[in-house]
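Q: Got a structure here, written out as structure tokens. Questions coming.
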Amino acid sequence: MKKVAALVLSLILVLTASGCSSVKFSTPTAYEDLSGSSEVTVSIKDQSLTDTGLILLIQNHTEEELSYDMVYTIEHKKDGSWYSMDGEHIFNALAAILKPGDTNEFEVTWEGKLPKGIYRVVKPVVTSQGDTALAVQFEVQ
């Protein structure tokens with residue numbers, strides 16, 4: 001009986017520990033230059049950062065429509081370098097249009113709780129200058 005109880009307790013501990021596993025960041029960033037664009041900017045909507053996501057504000061500063069898809073990457077800064085979230089390559093084939101002078105909200109979500117640290121969301125967009133990646137940083141305390 002004691003062996004069964006010990007086995008059940010061990011199983012519960014393993015399942016609990018696996019459910020509480022932290023998010024991992026071990027892949028070096030694929031984005032070397034994130035100087036951005038004067039045509040489109042990205043920021044985080046005030047009060048939108050939660051344990052499971054945030055809302056980006058993407059603003060078009062041009063006279064033309066811009067487009068973007070639903071791809072984004074979450075990265076963590078460790079020892080001065082950026083690393084992408086393991087297994088988190090968000091892709092959705094849908095595209096969005098951003099009219100001249102407009103601002104769109106873009107929802108970013110992740111699984112698990114991010115440990116304390118500095119993070120950024122990298123959002124690729126297409127401008128008249130070509131493909132560019134924008135980034136905005138945030139801190140989890």
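Q: If I filter region 116-134 down to residues being among the charged types (D, E, K, R) and surrounded by 11 or more Cβ atoms within 10 Å (Cβ to Cβ), which single residue comes out as farthest from Thr103 (Cα to Cα)?
A: Per the stated criteria, the residue is Arg120.
Q: When the residues of region 64-87 are filtered to those that are under 13 Å from the mean Cα position of the chain (by Cα) and assigned to a loop (DSSP other than H, G, I, E, B), which remaining residue is nearest to Lys123 (Cα to Cα)? Steps first, please.
A: Within region 64-87, the subset under 13 Å from the mean Cα position of the chain (by Cα) is 70-77, 82-87.
Imposing the further condition that a residue be assigned to a loop (DSSP other than H, G, I, E, B) reduces the set to 70-71, 86-87.
Details: Met70: 9, Val71: 7, Asp86: 17, Gly87: 17 Å.
Here the answer is Val71.
Q: Based on what the data block shows, is Ser37 in a loop (DSSP other than H, G, I, E, B) and crowded, with 16+ Cβ neighbours inside 10 Å? Explain how you work it out, then say what you get.
A: Working: in a loop (DSSP other than H, G, I, E, B): yes; crowded, with 16+ Cβ neighbours inside 10 Å: yes.
Here the answer is yes, as Ser37 does meet what is asked.
Q: So, in region 47-73, of the ones that are more than 25 Å from Gln129 (Cβ to Cβ) and not charged (D, E, K, R), which residue ends up surrounded by the most Cβ atoms within 10 Å (Cβ to Cβ)? I'd like the intermediate steps shown before the answer.
A: From region 47-73, those more than 25 Å from Gln129 (Cβ to Cβ) are 47-55; that's our starting set.
The next check asks that each one be not charged (D, E, K, R); those that pass are 47-50, 52-55.
Values: Gln47: 8, Ser48: 15, Leu49: 16, Thr50: 9, Thr52: 12, Gly53: 14, Leu54: 20, Ile55: 16.
My answer is Leu54.
Q: Right, next: Counting just the residues of region 100-115 that are in a strand (DSSP E or B) and hydrophobic (A, V, I, L, M, F, W, C), which one comes out surrounded by the fewest Cβ atoms within 10 Å (Cβ to Cβ)?
A: That would be Phe106.
Q: Something else: On the basis of being assigned to a loop (DSSP other than H, G, I, E, B) and touching a residue at least 12 places away in the same chain (Cβ under 8 Å), does Leu134 make the cut?
A: No.
Q: Here's another thing I want to ask about it. Considering only residues of region 30-46 that are among the polar types (S, T, N, Q) and modelled with pLDDT of 90 or more, which is farthest from Gly130 (Cα to Cα)?
A: Among them, the one singled out is Ser43.
The values are calculated or read from the model by the stated rules, or taken from the named source; none is laboratory data. Small disclaimer: the values here were computed from a predicted structure and weren't measured. We place every Cβ from the backbone using ideal geometry, glycine too, and count neighbours over all the protein chains shown.
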